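No value in this document is a laboratory result; all are computed from the given coordinates. Keep in mind that this is a model prediction, so the values were computed, not measured. Here the Cβ positions follow ideal geometry from the backbone for every residue, glycine too, while neighbour counts run over all protein chains shown.
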Amino acid sequence: MSSAQIEIQLIASLVAIACAIPGTFLVLRKMAMISDAISHSILPGIVIGFFMTQDLNSPVLILLAALTGILTVVLVEYIQKTGLVKEDTAIGLVFPALFSIGVIMIAKNANDVHLDVDAVLLGELAFAPFDRLIISGVDIGPKSLWIIGSILVITVGLLFVFFKELKVSTFDAGLAASLGFSPAIIHYGLMTVSSVTTVGAFDAVGAILVVALMIAPAATAYLLTNELKRMLIYAICFGVFSAIAGYWVAHWLDASIAGSITTMLGFIFLIVYLFAPSRGIIAVLYREKQQRTEVSLLTFLLHLKNHTEERERHVNHLNEHINWQKVRSKTVLDLALKNNMIQLDKNIVSLTEKGDEFTSKAIDYIITNEDAQIEDMKDDFFLFRG
Amino acid sequence: MSTQIAVKVDDLTVAYNYKPVLWDIDLEIPEGVLMAIVGPNGAGKSTLIKSILGILKPIAGSVSIYDKPYEDQRQLVAYVPQKGSVDWDFPTTALDVVMMGTYGSLGWIKRPGQKQKKAALEALEKVGMLPFKNRQISQLSGGQQQRIFLARALVQNASIYFMDEPFQGVDATTEIAIINILKELRKAGKTVIVVHHDLQTVPEYFDWVTFLNVKKIATGPVKDIFNDDNLTKTYGINYKVSIQE
């Protein structure tokens, strides 16, 4: 690997981490679309900043662009507060307007500079290593690396200091307010971090990928864990993995790096969406099938419990009486035998002690919905897991 | 009963987009009562609580908790929002939600430690949810979620408790468990204010009641003012509840 290749992967990874952190909270606050709005509407800020400083990496430009990001959020909330349109409509009104102002400004004034709409949408990660930061004659690495690195350090610092406040205001804004943690301060703090991160990542990866890097890793992590800290860690891991894997896919296909990284993000989400252990589609379908079988099992056991007469408990009779298809009867019978809940004696089925106890408990639970007593059964049967 | 005033509301008016939801409310809640706020939908019951707690900004009027503004008295107040106001799919556990009750006493930046965890576990025990402490909150039943919210308020160890419809969507067992805890709180000298919907249970559960319908209709001891006259004034229809003595 050449040093430029390493630098590109490093920049992509840092961008991924810096995006995953605010992204996790945006997803949990159901504000994913706000990141899309910010990433587009900072364009006029970038253009004005560029006219003023003639430098795409100037802190002034980042500040101006971040301010446009905040302005977007304020405008969206203002329009929404009038009660005339809903939030998604407000977002759809604000960001294209701001974005197109930026597009016009570029077309009118910046034809001869390195700032075009393509670069804005898709970024130029491949060129990032060419723009070096040189301090008193010493080359200390690509400018993008330093910019996103600084933003990342600030983001991580803020996350550590205000984790508790972020968590409580995201989960329960009402409680946060009553405890004295102003949800508005935390909200605008998060919006500021999101805007600054977006601007910092913008030059490297473009407007579209910034959104993908904020939302996709967090959405993927959300399917895998029940704990906020782990969700953050998983999101960071998915982001970094996609960044590096995406780079190599691009290298191999000789295609856009930003496009490949975004494709990787989508691909990983798809895999997790299908195969996640408890919330994945396949797990959900399997669970539903098991639950159906278990309901049948319970019906069957209850029938045995309610009928002491042998006639009712003969295998042949059961088949026609409970009125199930052969396959289903067999599945249910096997399940009951496997769990030692029934015994067969000369084709007469009867409940074992365990089966009898299980039936009583299960019926009791279904009637009372008091689930303390079936706690120990939860691990073996899907039926009791809600 | 020494009649110290726990909560005092003066000329409170709250409006959403210039439409008043609460109009010129004067209210004094004595210390140590278990009070129901009743009124029809849209009467401003939740709004009243939220304005007292500083979550909503009134356009006029003031609120004091033991003679001081709410901001100075946060530590004395615990709040149980409506269960539906939060996303129960949030990635966190029952214990963690209860721990959030301790955040107020910690203030900004400081993190919860062993002491806070111990308090949270005790509160979970009190509401009978200790076995579920590591359960993800979406996997709790509605009644269990409400108990978790109650535990979160208990851990604040406050003097005044505000609860927004704690009995909404819970089964009879949970309802009795919750009201018993509220009665215990009152016995310990705490003031408990509950937004309540089920008029039939008011005389049984509460000793103080406020009738609210945008304006305050009446407030006082249940035995004195919980009558058809006030109910009719509040609900606008000729209301009859039969209260057997």
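So for chain A, averaging the separation of alpha carbon pairs under 8 Å that are six or more residues apart and normalising by length, what relative contact order in percent results?
Values: 510 pairs, mean separation 71.1, N = 386.
The normalised contact order for chain A reaches 18 percent.
With 10 angstrom as the radius, rank B:Glu71, B:Glu28, A:Glu165 by how many other C-beta atoms surround their C-beta, starting from the fewest.
On the way: B:Glu71 9, B:Glu28 12, A:Glu165 21.
Neighbour counts put them in this order, fewest first: B:Glu71, B:Glu28, A:Glu165.
For peptide A:20-29, compute the average count of partner chain beta-carbon atoms within 10 Å of each residue's beta-carbon. Don't skip to the end; give the middle numbers.
Numbers: counts 0, 0, 0, 0, 1, 0, 0, 0, 5, 1.
If you average over the peptide's residues, the count of other-chain Cβ atoms is 1.
Quick check: pseudo-label points 7 Å beyond the Cα along Cα→Cβ at B:Asn180 and A:Ser3, how many nm apart are they?
Placing both labels 7 Å beyond Cα along the Cβ direction yields 7.3 nm.
Of the cross-linked pairs A:Lys167/B:Lys126; B:Lys83/B:Lys233; A:Lys86/B:Lys50; B:Lys110/B:Lys216; A:Lys354/B:Lys126; A:Lys167/B:Lys118, which ones have a Cα-Cα span greater than 31 Å in the structure shown? List each step's numbers first, then the result.
Working: A:Lys167/B:Lys126 25 Å; B:Lys83/B:Lys233 29 Å; A:Lys86/B:Lys50 24 Å; B:Lys110/B:Lys216 41 Å; A:Lys354/B:Lys126 33 Å; A:Lys167/B:Lys118 20 Å.
As for pairs spanning more than 31 Å Cα to Cα, those are B:Lys110/B:Lys216; A:Lys354/B:Lys126.
What relative contact order, as a whole-number percentage, does region A:150-298 give when Cα pairs under 8 Å and 6 or more residues apart are counted?
Details: 122 pairs, mean separation 23.7, N = 149.
Averaging sequence separation for qualifying contacts and normalising by length gives 16 percent for region A:150-298.
Remind me, relative contact order of chain B in percent, using alpha carbon pairs under 8 angstrom and six or more residues apart?
Values: 456 pairs, mean separation 63.6, N = 245.
Once divided by the residue count of chain B, the mean separation gives 26 percent.
Excluding same-chain residues fewer than 8 positions from A:Lys305, which aspartates and glutamates have a Cα within less than 20 Å of its Cα?
A:Glu294, A:Glu320, A:Asp334, A:Asp345, A:Glu353, A:Asp356, A:Glu357, A:Asp364
Taking the simple approach of a point 7 Å from Cα along Cα-to-Cβ for both B:Asn41 and A:Glu312, what is their distance in nm?
4.6 nm
Count the net charge of all other residues whose Cβ sits under 15 Å from the Cβ of B:Ile181, scoring Lys and Arg as +1 and Asp and Glu as -1.
On the way: positive: B:Lys126, B:Arg147, B:Arg152, B:Lys183, B:Arg186, B:Lys187, B:Lys190; negative: B:Glu122, B:Glu125, B:Glu175, B:Glu184.
Value of the local net charge: +3.
Take the Cβ-Cβ distance between A:Ile281 and B:Ala172 as r, set R0 to 51 Å, and report the resulting FRET efficiency rounded to the nearest 0.05.
Once the sixth-power term is evaluated, E becomes 0.85.
With a 10 Å cut-off between alpha carbons and a GNM built on chain A, which of A:Leu152, A:Leu133, A:Leu98 moves the most?
A:Leu133
Work out the FRET efficiency for B:Asp11 and A:Gln54 from their Cβ-Cβ distance, taking R0 = 51 Å, and round it to the nearest 0.05. Write down the numbers at each step before the final one.
Working: r = 59 Å, r/R0 = 1.15.
Efficiency, from the Cβ-Cβ distance: 0.30.
Would you tell me the mean number of C-beta atoms belonging to other protein chains that fall within 10 Å of each C-beta in B:84-91, as a whole number? Let's see the in-between values first.
Details: counts 0, 4, 6, 6, 1, 4, 9, 15.
For this peptide, the per-residue mean of nearby foreign Cβ atoms is 6.
Quote to one decimal, in nm, the extra length available between A:Lys108 and A:Lys289 on full extension: 0.36 nm per residue of separation minus the C-alpha distance between them.
Working: separation 181, 0.36 × 181 = 65.16 nm, distance 6.15 nm.
Taking A:Lys108 through A:Lys289 to full extension adds about 59.0 nm, to one decimal.
Which aspartates and glutamates does B:Lys8 reach when only Cα atoms under 15 Å apart count, and residues fewer than 8 places away in its own chain are ignored?
B:Asp24, B:Asp26, B:Glu28, B:Glu31, B:Asp67, B:Glu71, B:Asp72
Among A:Ile257, A:Ile106, A:Ile367, whose mean-square fluctuation peaks in a Gaussian network model of chain A (Cα, cutoff 10 Å)?
Looking only at A:Ile257, A:Ile106, A:Ile367, the largest GNM fluctuation is found for A:Ile367.
For B:104-110, what's the mean count of beta carbons from other chains sitting within 10 Å of each residue's beta carbon? Intermediate results must be reported in sequence, preceding the final value.
Details: counts 7, 1, 2, 4, 7, 6, 1.
Across the residues of B:104-110, the mean count of other-chain Cβ atoms within 10 Å is 4.
Taking loop as defined by DSSP and a crowding limit of 16 other beta carbons within 10 Å, which trypsin sites (Lys or Arg not before Pro) in region A:237-340 fit? Spell out each step's value before the answer.
On the way: sites: A:Arg279, A:Arg287, A:Lys289, A:Arg292, A:Lys305, A:Arg311, A:Arg313, A:Lys326, A:Arg328, A:Lys330, A:Lys338; in loops: A:Arg279.
Of the trypsin sites (Lys or Arg not before Pro), the ones in loops of region A:237-340 whose Cβ has at most 16 other Cβ atoms within 10 Å are A:Arg279.
As an exercise, identify the chymotrypsin sites (Phe, Trp or Tyr not before Pro) in region A:117-168 lying in DSSP coil whose Cβ has no more than 14 other Cβ atoms within 10 Å.
Numbers: sites: A:Phe127, A:Phe130, A:Trp146, A:Phe160, A:Phe162, A:Phe163; in loops: none.
Hits after loop and neighbour filter: nothing returned.
Counting DSSP beta bridges with both partners in the protein assembly as shown, what percentage is antiparallel, nearest 5? Please report the intermediate quantities before stating the final value.
Details: 30 of 47 bridges.
About 65 percent, rounded to the nearest 5.
Kindly work out what percent of the DSSP beta bridges joining two residues of chain B are antiparallel, to the nearest 5.
For chain B, the DSSP antiparallel bridge percentage is about 55.
Cut-off is 10 Å between beta-carbons; in what order do B:Tyr103, B:Tyr66, A:Tyr78 appear when sorted fewest neighbours first?
Details: B:Tyr103 26, B:Tyr66 17, A:Tyr78 11.
So the residues, fewest neighbours to most, are A:Tyr78, B:Tyr66, B:Tyr103.
For the protein assembly as shown, what does -39500 (n - 2.57) per DSSP helix run (n ≥ 4), summed and divided by total residues, give at 222 nm, in deg cm²/dmol to the nearest 500? Walk me through the intermediate numbers first.
Working: 24 runs with 358 residues, N = 631.
The helix contribution divided over the protein assembly as shown gives -18500 deg cm²/dmol.
Could you check the simple spin-label distance between B:Lys57 and B:Gln114, using points 7 Å along Cα→Cβ, in nm with one decimal?
Reported label-point gap for B:Lys57 and B:Gln114 is 4.4 nm.
Rank these for me by crowding, A:Thr192, B:Thr3, B:Thr234, going from fewest to most other beta carbons within 10 Å.
Numbers: A:Thr192 17, B:Thr3 8, B:Thr234 22.
The fewest-first ordering by Cβ neighbours comes to B:Thr3, A:Thr192, B:Thr234.
Can you tell me which of A:Ala243, A:Ala177, A:Ala276 moves the most in a GNM of chain A? Springs connect C-alpha atoms under 10 Å apart.
Among A:Ala243, A:Ala177, A:Ala276, the largest mean-square fluctuation in the Gaussian network model of chain A belongs to A:Ala177.
List every DSSP H helix in chain A whose Cα atoms extend 20 Å or more along the helix's own long axis and whose mean Kyte-Doolittle hydropathy is at least 1.0.
Values: long enough: A:3-28 (37 Å, 1.75); A:59-81 (33 Å, 1.79); A:87-109 (33 Å, 1.24); A:143-171 (37 Å, 1.53); A:183-222 (30 Å, 1.48); A:228-253 (36 Å, 1.27); A:257-275 (27 Å, 2.18); A:281-306 (37 Å, 0.15); A:353-368 (22 Å, -0.48).
Span-like helices in chain A: A:3-28, A:59-81, A:87-109, A:143-171, A:183-222, A:228-253, A:257-275.
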